[in-house]
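Q: Provided herewith is a single structure, encoded as structure tokens, for subsequent inquiry.
Values in this text are rule-based calculations from the coordinates and carry no lab data. A quick note: this is a predicted structure, and the numbers were derived from the prediction, not measured. Don't worry about glycine lacking a Cβ; one is built from the backbone with ideal geometry, like all the others, and counts go over all protein chains shown.
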Amino acid sequence: MGMTITEKILAKSAGKESVKPGDNIWLNVDVLMTHDVCGPPTIGIWKSEFGKDATIWDKDKLVIFPDHYIFTANKHANRNVDILRNFADEYSIDNYYDVGTSRYKGVCHIALAEEGYNIPGTVLIGTDSHTCTSGAFGMFSTGVGNTDAAFILGTGKIWEKVPETMKFTFTGKMPEYLTAKDLILQILGDITTDGATYRAMEFDGEAVFSLSMNERMTLCNMAIEGGGMNGIIPVDAVTEDYLQERTNKAYDKFYSDEDAVYHSKYEYNVENLVPLVAKPHSPDNKAAVREVEGTPITKAYIGSCTGGKISDFQFAAKILYDKKVAVTTFIVPASTEVAKQLETEMYKDKSLKEIFESAGAVIAKSSCAACLGGPDDTIGRTVGNDVTISTTNRNFPGRMGSKQAEVYLASPLTVAASAVKGVITDPRDLM
Amino acid sequence: MENIVIGKAFVLGNNIDTDQIIPAEHLVYSMDDENEAKMYGKYALSSVPKEYSGLPLGNIPFVEEGKYESEYQIIVGGSNFGCGSSREHAPYALMKAGAKVIIAESYARIFYRNSVDGGFVIPYEIKEKLNEKVKTGDVLKIDIENNILVNNSTGETFSLNPLGDVLPIVSAGGLFKYARKSGMIE
């Protein structure tokens, strides 16, 4: 019987010839990633379980990005970064990217790609649910909690049940008014927030392979919003070009067999799809932008691992060029590299940064910022009855701060168009 | 692991996500310092919209204002309990508030793993829509050995799905205890 790409990677990691869905296996982890929210409790569990002589299974495979609560006066949040810094010092962790230094990167999932940690065919585990983002590189990546991470820190191993795979094929040529965000919102609306629970979500088709790595990351990033264990896109020339600039490491390319068995298959022609939003308060609460256009908003937000990549800002710049925003609009580059690119990437005669500044948007420093609310002084946080349209990933009650706020999730094109009009707007009206 | 758990039920709806279970702004407290760790109990389930908190009536807080522990030990949810982020603080917060068992139709993967591997709460699955058959405040009795639930307030009996593959980890009290018991680590 054939295997899917996910099954092949898991079999290799477990040292087995083959695996099938439902098998409980122990994986050998290639990279463990953690950050300032879950790193400190992970370290705490590791120390208390393995004792004061605890050793890290392989410190070169541990990567730590402080990124969640960075630019805040909250003393507990700052203490968490201190704990990471002291730990990195004590154990000589080379892959630590400290706040306040030139090494600071910002949002972990984007930094993992930029710094060359995403290697096809490998297993990457992170203490963050959006770790599935890395699956865009033909690898297995998934999120876990602190106890699992502490166990990996000491042993390099994790148990997993091999997931069934759902396949999503996108055919056709991507229209200029659609982005990967619209594709994943379409899927989430169709399968709902638990439609892929404990399953792999494999994406393919000519429309998917026409996407940049940044856009592929958006697709895999929100696999978790369907409950997916991982999202995955097989390696092609686009992947290899990106990797060539970021890493010298050799890698294995895996592809699903012709006779691989899938839980289910979905097929979409992108030329038939339209710009979408997820209405409050769930990422699967799908509506066409046309159905909710004219809804007044109080804030617009472009940022996060989902919607704060350079590709997202290139989309937004197309709309915001020579326009003014009608509501407070936040531009939050996911990483410091993206922040630099805002100055060098051009649209027509202006840099993206110039376009956003002259539109009247607020450009913030790189971090997770208000995607998950954060401490009270977090930039972009919703307050009171805010109605925010955002390129982020979740709109659960209270997710972006205020429990009374309403959040619409949308593509950077739709968010930028809505920012200009002050009401939810279909980007096709401004293109 | 206790074989019998008796406690009052706190009933919730579907898709209780981790932001509702423990809002992100509270993820900063130390779990090693008891004075800070108890804050996780205080804010457990604090972002559930009021009308859905403590069904069927709603408007019942899981933890009363000013307290750190709940009077409810058994949480009854619907489908996709614990969806959203990977924060282990979520099942930990429920444990700190005094919860011992959750019963839901289904769970999000990471929340389920965290509950089991951390040894915080036992996540039971049930085929029925228990959250439509039990009221907040009903006294439930769970026989863990036999996977049977009795609603002492109504006399109704329900069967729970066996814990299956994760039973050895649940019985050991978490992943580390299981790994020691089975000789994986010292």
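Q: Computed FRET efficiency, Cβ-Cβ of B:E71 and A:K75, R0 35 Å: what is it to the nearest 0.05?
A: 0.65
Q: Provide, as a two-decimal number, the C-alpha radius of gyration of the stretch A:277-426 over 2.2 N^0.38 Å, N being how many residues it has.
A: Normalised Cα radius of gyration, the stretch A:277-426: 0.94.
Q: To make sure I understand the rule: partners must be aspartates and glutamates, Cα under 15 Å from the Cα of B:K67, and not fewer than 8 residues away in the same chain. Which ones qualify?
A: Reachable aspartates and glutamates: B:E34, B:E36.
Q: What order do you get for A:R85, B:R113, A:R246 when you list them from fewest to most C-beta neighbours inside 10 Å?
A: Listing A:R85, B:R113, A:R246 from fewest to most nearby Cβ atoms yields A:R246, A:R85, B:R113.
Q: Expressed as a rounded percentage, what relative contact order does chain B have, with Cα pairs under 8 Å and six or more residues apart?
A: Reported relative contact order: 24 percent.
Q: Moving on to the next point. Hey, what's the Kirkwood Rh for chain B if you take every pair of different alpha carbons, in angstrom?
A: By the Kirkwood definition, the hydrodynamic radius is 16.4 Å.
Q: To continue, here is another question. Cα to Cα, under 24 Å, and not fewer than 8 places away if on the same chain: which lysines meet these conditions relative to A:K8?
A: Here the lysines satisfying the reach criterion relative to A:K8 are A:K16, A:K20, A:K61, A:K157, A:K161, A:K167, A:K249, A:K253, A:K265.
Q: Counting only other chains, and only Cβ atoms inside 10 Å, what mean value do you get across the residues of B:72-81?
A: That works out to 1 on average.
Q: Lys and Arg at +1, Asp and Glu at -1: add these up for the other residues within a Cβ distance under 15 Å of A:D377 and post the number.
A: Charge balance near A:D377 sits at +1.
Q: Looking at the protein assembly as shown, send over the antiparallel percent of its DSSP beta bridges, to the nearest 5.
A: 30
Q: Go ahead and set up a Gaussian network model of chain A, Cα springs under 10 Å, then flag whichever of A:D194, A:D349, A:D257 fluctuates most.
A: Maximum among the listed residues: A:D349.
Q: Given only helices, namely DSSP H runs of n ≥ 4 each adding -39500 (n - 2.57), what is the per-residue ellipticity at 222 nm of chain A, to the nearest 500 deg cm²/dmol?
A: -8500 deg cm²/dmol
Q: Here's something else I'd like to know. May I ask you to sort A:W57, A:W159 by Cβ crowding, counting other Cβ atoms within 10 Å and putting the fewest first?
A: Final ranking by Cβ density, sparse to dense: A:W57, A:W159.
Q: Packing-wise, with mean Cβ within 10 Å as the measure, how do B:15-25, A:306-316 rank, highest first?
A: A:306-316, B:15-25
Q: Report the full-extension gain for the segment A:D257 to A:D23: residue separation times 0.36 nm, less the Cα-Cα distance, to one decimal in nm.
A: 82.4 nm
Q: Relative contact order, percent, of the stretch A:15-88 when contacts are C-alpha pairs under 8 Å separated by at least 6 residues?
A: 39
Q: Once each part is reduced to its C-alpha centroid, what is the distance from the stretch A:370-416 to the stretch A:315-336 in angstrom?
A: 16
Q: For a quick check, take a GNM of chain A with Cα springs below 10 Å and name the residue from A:G360, A:G145, A:G22 with the largest mean-square fluctuation.
A: Taking springs between Cα atoms under 10 Å, the residue moving most is A:G22.
Q: Just flag the trypsin sites (Lys or Arg not before Pro) in the stretch A:17-79 sitting in loop per DSSP whose Cβ has no more than 16 other Cβ atoms within 10 Å.
A: A:K52
Q: Using 1/(1 + (r/R0)^6) with R0 = 41 angstrom and r between the beta carbons of A:E176 and A:M1, what's the FRET efficiency to the nearest 0.05?
A: 0.45
Q: Between A:I363 and A:N385, take the C-beta separation as r, use R0 = 35 Å, and let me know the FRET efficiency to the nearest 0.05.
A: E between A:I363 and A:N385, to the nearest 0.05, is 0.85.
Q: Using Cα positions and a limit of under 17 Å, work out the lysines in reach of A:K309, with same-chain residues fewer than 8 apart set aside.
A: A:K105, A:K181, A:K318, A:K340, A:K353, A:K365
Q: Continuing with the same structure: Average partner chain C-beta neighbours within 10 Å, per residue of A:143-156?
A: 6
Q: Also, I was wondering about something else. With each pseudo-label sitting 7 Å past Cα toward Cβ, what's the A:M346-A:D377 distance in nm, one decimal?
A: 4.0
Q: Report the GluC sites (Glu not before Pro) located in the stretch A:126-194 that are in a DSSP loop and have at most 12 other Cβ atoms inside 10 Å of their Cβ, or state none.
A: Within the stretch A:126-194, the qualifying GluC sites (Glu not before Pro) (loop, at most 12 other Cβ atoms within 10 Å) are A:E176.
Q: Sticking to Cα atoms, compute the Rg of the protein assembly as shown to one decimal and its Dmax as the biggest Cα-Cα distance, whole number, in Å.
A: When restricted to the Cα atoms of the protein assembly as shown, Rg and Dmax are 23.1, 75 Å.
Q: Just counting partner chain Cβ atoms within 10 Å, what average do the residues of peptide A:391-403 show around their Cβ?
A: 5
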